[in-house]
Amino acid sequence: MPMRNPITSTKIKKLRVKFRRIAEKQKNKQITIIFLSILVGLIVGLAAIAIKQITYGIENYATKFFPGFLLILTPLVGLLLVNILNINVFKKVADYKGMRNVIDSIENHQSFIKLRLIYTKFITAGITIGFGGSSGMESAIITSGASIGSNMGKSFGLNYQLRTLLIGCGTAGGISAMYNAPIGGFLFALEVILPEFTPALLIPLLLSSATGKILFELIMGENLRFDEHIDSFSYHSLPYVILVGLAGALTAMYMKKTYSLCFKYLSRLNNPYVIALVGGSVLGLLIYFFPALYGEGYVSINDLLHNNEAGIWKNSILANPGFQPFHGTFILIVLFFLRPVTTGLSLGSGGEGGYFAPSLVAGGLTGYLVFKLIFSIYGSRLGLEPNTLIFLGMAATFACVMRAPVTAIFLIADTTQSYGLIVPLMITTTIAYTFKNYIDSYNPLQKGDHGTLQMEKFILNQINLRDIIEPIFGKIKADDKLRKLIAHFSGHENSVTPVYDDKEKVIGIIELKKVRALMKNFESYDSVNASELMDTNFDVINYTSLRKTLLDNPSIIKEHHILISKEDMIIGHVSSYKMLSIYNQYLNNPDRLFAK
């Protein structure tokens, strides 16, 4: 391993110290975070350029190295390479998978994300997609951007709230640069990554998003995923908008079920190399017959946008005139059903990537197939462009797959430069998202208020544990009388006290309010034992693991009394009153992100 340059290391440390001193002198922390949000945007913009260049470079090399029939080998080689790297080189971060783990890092790991994630996912995602894997580059840029923000916050000694904000800035800048969608990147960070919205978030996120996009465009030129756009929309076509919304929701449900089945059956093979071998072989075979399934799949959508339906199968053996009956709509339907399968095979076989691209491509195909269906009924009287329904299908499917309807609206409007579609985009995403949630409401696994849970975890992560712990003094035995209990509570400010048996083991707790209820009953002072008043519904948790326990199960404080132990001694209990007080103080502070 190469040794670190001590001179460079010393300079970095001096820079950190200098920055911290400057930051501490600032009365308004917003100045510091604004500067850092711009810096994060610049670095993430460079990261987006890197991942794009790596992916396209590998793709060009792979398609030239494996021409013709040998194309069947490309996914197999890519997935084997990724598994080799994850098992032998990147094993400490191999299980970190994009958005899901970024959110988990915010909720359960104090917004600390490992530094090596800045570059490891570049390599594995680039290999997966470059060698034909059907997934999206956004997973790598989300992970990288989040890691950049987290480690910058850590380097400059920022607190949990500000580290979390910089993670959001990294994500916003990455999506903005990758998709030429500054508003979409900004909204994605707000809607999906960050646990709450406050006015204090707006400026840093907007600056980071804009900076990432500007830097990417300055170096790479204007980068439009889809170079066709819609300028206007006729409201006579609203029934089709509704139809696309319903179709997009059904597509999202089909995709989710397909992914689940692919993961389920591939995981039965146990050995990761065998999984890569099987998954890569099947994927290669599908790509050989349908080359449009190679990689992210945006090329296919652009063919449809340019009215070049034949371009989708031009390199397939099915382009042979002998297969003429299989051309046209049949091929599109097959591609629609196979696209989620290829994504499930790619990611289920150990490949890297995200669900952005698959959902956009599947949604685009959905919109185009809906257009074909309507056109077959009304013909030229339809008066509607296929591109309109393609874009609406993308938004509807993306909203349901990523659970981000607001992001879907502006991501599609940004990416396609079709701002004239804002209203139909709003309608179709609302219908799709509502319809899918209605179906999911019958599935108990889909129920739950994740937003509330995420907020509770956000607050738990930043509070000082000593602020919610009420100390406990003295000891009460199971056979102690009510008189002693009254004296105990009179001498201390405890609201609860533990009850011990003869072996010094806690067997229950007694609340002050239960003792107060008996204080006027003088006859019970010497007849009622502590064991008769105690509640056995309690947990004893070590102080060092208290935060993790609360994060894993925030509702435990509502369901149990929690006693805190340290060095095998009970030192206090978690006060639900103090917890509620801190929670309310936080929520009532509109500028809470920058509060001390």
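So which of LEU392, LEU421, LEU411 ends up being modelled with pLDDT of 95 or more, assigned to a helix (DSSP H, G or I) and not acidic (Asp, Glu)?
LEU392
Scan LEU81, LEU76, LEU70, LEU115 and give me the residue that is in contact with a Gly (Cβ under 6 Å, 6 or more places away or on another chain) and surrounded by fewer than 24 Cβ atoms within 10 Å (Cβ to Cβ).
So the residue among LEU81, LEU76, LEU70, LEU115 that is in contact with a Gly (Cβ under 6 Å, 6 or more places away or on another chain) and surrounded by fewer than 24 Cβ atoms within 10 Å (Cβ to Cβ) is LEU76.
Can you report the number of residues in the range 205-226 which are out of contact with any helix residue (DSSP H, G or I) (no Cβ under 6 Å at 6 or more places or on another chain) and either surrounded by 21 or more Cβ atoms within 10 Å (Cβ to Cβ) or assigned to a loop (DSSP other than H, G, I, E, B) (or both)?
Selection size over the range 205-226: 4.
Working only within the range 463-500, note down all residues that are over 29 Å from VAL528 (Cβ atoms), surrounded by fewer than 17 Cβ atoms within 10 Å (Cβ to Cβ) and not charged (D, E, K, R).
Hits for the range 463-500 are ASN464, LEU465.
Hey, SER147 hits all of (1) out of contact with any Leu (no Cβ under 6 Å at 6 or more places or on another chain); (2) crowded, with 24+ Cβ neighbours inside 10 Å but one; which does it fall short on?
Result: SER147 fails condition (1) only.
Yes or no: the range 302-317 includes at least one residue that is touching an Asp or Glu at 6+ places or on another chain (Cβ under 6 Å), surrounded by fewer than 22 Cβ atoms within 10 Å (Cβ to Cβ) and more than 12 Å from PRO340 (Cα to Cα).
Yes: the range 302-317 contains one or more residues that are touching an Asp or Glu at 6+ places or on another chain (Cβ under 6 Å), surrounded by fewer than 22 Cβ atoms within 10 Å (Cβ to Cβ) and more than 12 Å from PRO340 (Cα to Cα).
Here is a yes/no grid of residues against (1) closer than 25 Å to GLY295 by Cα; (2) among the aromatic types (Phe, Trp, Tyr); (3) at pLDDT below 90; (4) surrounded by fewer than 21 Cβ atoms within 10 Å (Cβ to Cβ):
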residue: ALA362; (1), (2), (3), (4): yes, no, no, no
residue: LEU365; (1), (2), (3), (4): yes, no, no, no
residue: VAL370; (1), (2), (3), (4): yes, no, no, no
residue: ARG381; (1), (2), (3), (4): no, no, yes, yes
residue: GLU385; (1), (2), (3), (4): no, no, yes, yes
residue: GLN417; (1), (2), (3), (4): yes, no, yes, yes
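Suppose the filter is touching a Pro at 6+ places or on another chain (Cβ under 9 Å) and surrounded by fewer than 16 Cβ atoms within 10 Å (Cβ to Cβ); does LEU202 pass it?
no
Looking at (1) of a type in the set (Phe, Trp, Tyr); (2) surrounded by 24 or more Cβ atoms within 10 Å (Cβ to Cβ); (3) within 21 Å of the chain's Cα centre (by Cα), which is the one condition that is false for PHE131?
Condition (3) is where PHE131 drops out.
Quick one: which helices (runs of 4 or more DSSP H) lie wholly within the range 134-204 and hold at least 1 residues that are at pLDDT below 90 and either of a type in the set (S, T, N, Q) or within 23 Å of PHE356 (Cβ to Cβ) (or both)?
Here the list reads 138-155, 160-179.
Of the residues VAL515, VAL499, which is in contact with a helix residue (DSSP H, G or I) (Cβ under 6 Å, 6 or more places away or on another chain), assigned to a helix (DSSP H, G or I), more than 19 Å from ASN108 (Cβ to Cβ) and of a type in the set (A, V, I, L, M, F, W, C)?
VAL515
From the set of residues in the range 22-42 that are among the aliphatic types (A, V, I, L, M) and surrounded by 22 or more Cβ atoms within 10 Å (Cβ to Cβ), which is modelled with the lowest pLDDT?
Ranking the qualifying residues of the range 22-42, first place goes to ILE33.
Read through the list (1) under 29 Å from the mean Cα position of the chain (by Cα); (2) among the hydroxyl-bearing types (Ser, Thr, Tyr); (3) surrounded by fewer than 23 Cβ atoms within 10 Å (Cβ to Cβ), then give the number of the only condition that TYR288 fails.
(1)
From the list ALA48, ALA94, exactly one residue is among the small types (Gly, Ala, Ser), at pLDDT 80 or above and part of a loop (DSSP other than H, G, I, E, B). Which is it?
ALA94
Restricting to the range 367-401, what's the tally of residues that are farther than 23 Å from PHE330 by Cβ and either among the polar types (S, T, N, Q) or touching a strand residue (DSSP E or B) at 6+ places or on another chain (Cβ under 9 Å) (or both)?
Here the count works out to 1.
What's the total number of residues in the range 331-358 that are in a helix (DSSP H, G or I), in contact with a Gly (Cβ under 7 Å, 6 or more places away or on another chain) and not hydroxyl-bearing (Ser, Thr, Tyr)?
7
Of all residues being of a type in the set (Lys, Arg) and either touching a His at 6+ places or on another chain (Cβ under 6 Å) or modelled with pLDDT under 70 (or both) in the range 566-596, which is surrounded by the most Cβ atoms within 10 Å (Cβ to Cβ)? Just the residue, please.
Among those residues, the one meeting the criterion is ARG592.
Which condition number does THR544 fail, the rest of (1) free of Cβ contacts under 8 Å to residues at least 24 places away in the same chain; (2) part of a loop (DSSP other than H, G, I, E, B); (3) under 30 Å from HIS109 (Cβ atoms) being met?
(2)
Only one of these conditions is not met by GLU504: (1) closer than 14 Å to ILE570 by Cβ; (2) of a type in the set (D, E, K, R); (3) crowded, with 17+ Cβ neighbours inside 10 Å. Which number is it?
It is condition (3) that GLU504 fails.
The values are calculated or read from the model by the stated rules, or taken from the named source; none is laboratory data. On a predicted model such as this, the values are computed, not experimentally measured, just so you know. Heads up, the Cβs are rebuilt from the backbone with ideal geometry, glycines too, and the neighbour counts pull from every protein chain shown.
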